[in-house]
Amino acid sequence: MQKIFFTPGPTQLYPSIKGYMREAVKDDICSISHRSSDFEQIFENAVSSLKQLLNIPENFHIFFLSSGTEAMERIIENCAAKYSYHFVNGAFSKRFFTVAQALKKMPEKIEFGEEGFNSEKINIPREAELICFTHNETSIGMSLNTEDIYKIKENNADKIAAVDIVSSAPYVDIDYSKIDCSFFSVQKGFGLPAGLGVLIANEKCIEKSVSLQKQGCSIGSYHSFASLLNNADKKQTPETPNVLAIYLLGKISDELNKKGIKKIRKETEEKAELIYDFFDNHASYKPFISNKCFRSKTVAAINVTDSKKIIEALSENGFVIGSGHKEMKDTHIRIANFPMHKKEDMKRMLELVK
Ligand SMILES: *Cc1c(COP(=O)(O)O)cnc(C)c1O
């Protein structure tokens with residue numbers, strides 16, 4: 001039986017991926033030199049199509065990395081000599097913080113839950129150079145309000161604001177004039193095979209990286225911002241990249257652009273409503289996040305008594321859903337709601353949960 005994956009990532013591939021992969025093999029995409037003009041065209045198409053899709057201003061740079069986690073490490077290395085500040089409400093935002101610790105920085109954090117935080121009153125230490133947000137905390141299905149992120153950046157204009165949008169892109173509508181960098185990996189909302197991270201960064205990030213290098217800080221080697229930029233200016237990458245993934249990202253972005261981002265966002269919201277309505281009205285399974293302002297539109301975490309039983313029963317019927325994250329493995333299920341997930345399939349899956 002062909003299964004449908006509602007897992008938070010890797011997840012269901014876009015149906016068109018098969019065709020694009022066949023095309024890639026036929027056109028020798030996986031054999032061409034990454035210094036050739038054929039590659040430069042693939043690079044250029046992925047960058048321009050993605051910029052159109054996510055409304056990224058011309059003056060932002062797009063860098064290709066290997067994963068979302070790598071993006072965290074590159075941002076810490078290139079944007080903070082010592083002090084980063086982290087908004088932590090789950091496993092992925094915590095990972096951003098521990099990456100900074102591992103790199104021997106001196107990160108600080110605010111931990112919060114459903115009570116949230118007051119963006120006007122939050123006191124970020126004066127020495128902080130970088131503020132790290134996780135827009136969509138995948139481990140618990142909780143989203144931040146982008147307006148809170150913008151407000152904090154506005155009140156701390158001298159600092160760099162970095163936003164993890166790994167499990168909310170392309171749904172989340174970021175105003176790039178109000179943040180400095182963001183990043184995602186492609187195996188979630190973009191419905192692609194894993195193995196590519198995308199970092200979106202403005203000139204302020206580049207300048208910071210240059211100044212850190214001048215001070216004698218390590219900003220990394222081949223994936224330092226300087227090295228990435230130097231190559232991106234030539235529509236290339238420092239190393240031999242995942243050419244197939246960059247090619248597929250361009251193709252999928254073209255496809256989503258044709259469909260229109262407005263429609264994609266509207267469909268995502270409709271499907272999210274379907275999920276939350278269903279569980280708000282369920283006798284025993286309830287959304288883990290009760291505050292509707294913080295409920296993630298793209299990954300719903302649901303409190304259950306025995307996740308294994310539900311997961312197994314759905315799997316026998318062709319639907320794969322996620323378990324809870326780590327310590328919530330048995331007490332949560334997680335349902336991803338990405339653009340490739342069809343409303344009809346979502347309805348059929350929920351009907352079975354009943
Ligand atoms: C999955 C995820 C990551 C990690 O991305 P990788 O590509 O697996 O390294 C980081 N942040 C969030 C919010 C995620 O959901």
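Computed 3J(HN,Hα) for the stretch 159-167, one whole-Hz value per residue from the Karplus formula 6.51 cos²θ - 1.76 cosθ + 1.60 where θ = phi - 60°, is 8, 8, 9, 10, 10, 6, 10, 3, 9, glycine and proline marked x. In this calculation the C-beta distance from Glu269 to Ser290 is compared with R0 = 22 Å, giving a FRET efficiency of 0.70. With 23 Å as the cut-off, how large is the P(r) tail for the stretch 96-219, expressed as percent of Cα-Cα pairs? Result: 34 percent of Cα pairs exceed 23 Å.
For the residue pairs Lys178/Lys326; Lys258/Lys342; Lys263/Lys308; Lys18/Lys326, the C-alpha atoms sit more than 23 angstrom apart in Lys178/Lys326; Lys263/Lys308; Lys18/Lys326.
Determine, from the Cβ-Cβ distance of Glu108 and Asp28 and an R0 of 45 Å, the FRET efficiency 1/(1 + (r/R0)^6), rounded to the nearest 0.05.
Given R0 = 45 Å and the Cβ-Cβ separation, E is 0.35.
Scalar couplings 3J(HN,Hα) for the stretch 337-342, obtained by applying the Karplus form with A = 6.51, B = -1.76, C = 1.60 to θ = phi - 60°, are 10, 9, x, 7, 6, 8 Hz; x denotes Gly and Pro.
In this structure the amide hydrogen of Leu130, modeled in the peptide plane, comes within under 5 Å of the amide hydrogens of Tyr85, Ile160, none closer than 5 places in sequence on its chain. Amide H to amide H, with H built 1.01 Å from N, Val299 comes under 5 Å of Asn337, counting only residues 5 or more places away or on other chains. Per residue, the average separation of C-alpha pairs within less than 8 Å and at least 6 apart gives the stretch 54-108 a relative contact order of 34 percent. In the chain, the DSSP-assigned H stretches of four residues or longer account for a calculated mean residue ellipticity at 222 nm of -12500 deg cm²/dmol, using -39500 (n - 2.57) per stretch and the full residue count as denominator.
Bear in mind that the values in this text are calculations on the coordinates, not laboratory data. This one's a predicted model, so the numbers in the text were calculated from it and none came from an experiment. Using ideal geometry, Cβ is built from the backbone for each residue, glycine included, and neighbour counts are taken over all protein chains shown.
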